[in-house]
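Note sheet for the following structure.
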Amino acid sequence: MAMATSRLLWASRAASYLKISTFPRAFSTVLKDLKYAETHEWVKVEGDSATVGITDHAQDHLGDVVYVELPEVGACVTQGSNFGAVESVKATSDINSPVSGEVVAVNEELHEKPALVNGSPYEGGWIIKVKVSDAGELNSLMDDEKYSKFCEEEDSKH
């Protein structure tokens, strides 16, 4: 018993010295007023305009984002289809649109500051704005509670 306690104390001190957290990271942020796709994109709808980005969960798994491929303004996007990509130090991941419509704006700031996707995935790190062509598609997306549960189940598989 004393041996186990001694090892735990040693491990805790070593972690502290190495500046390693001994506590697991808190679950990623999920906002209540958004809808979420299974591919980890979020959408915020205001009237017939939708702002789209990748979730905190997605950016956390990707690591430091170094490049974001953006579509052209005027391009048409389709729910579930690829419209761009996010490149990180770990991997490149497609970005799929959670809604169908016409791209009316892209976040040009991401060309110079792709890390905004990491630091502010729901605000400064938004990716595109879309004029929604079929509001009914929103019914197939998850709310915050379903998305949180989806992420927990997905993470438990890894």
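Applying the selection to the stretch 25-62, what residues are closer than 15 Å to ASN96 by Cα and in a loop (DSSP other than H, G, I, E, B)?
ALA37, GLU38, THR39, HIS40, THR55
Looking at the stretch 34-53, which of the residues that are under 17 Å from LYS149 (Cα atoms) and of a type outside the set (Asp, Glu) is surrounded by the fewest Cβ atoms within 10 Å (Cβ to Cβ)? Please lay out each step first, then the result.
So in the stretch 34-53, the residues under 17 Å from LYS149 (Cα atoms) come out as 34-42.
Imposing the further condition that a residue be of a type outside the set (Asp, Glu) reduces the set to 34-37, 39-40, 42.
Values: LEU34: 22, LYS35: 22, TYR36: 23, ALA37: 22, THR39: 16, HIS40: 26, TRP42: 29.
This residue is THR39.
Coordinate-derived values only; no laboratory data. Computed from a prediction, not measured in an experiment: that's the story for all the values here. Note that we place each Cβ from the backbone using ideal geometry, even for glycine, and neighbour counts take in every protein chain shown.
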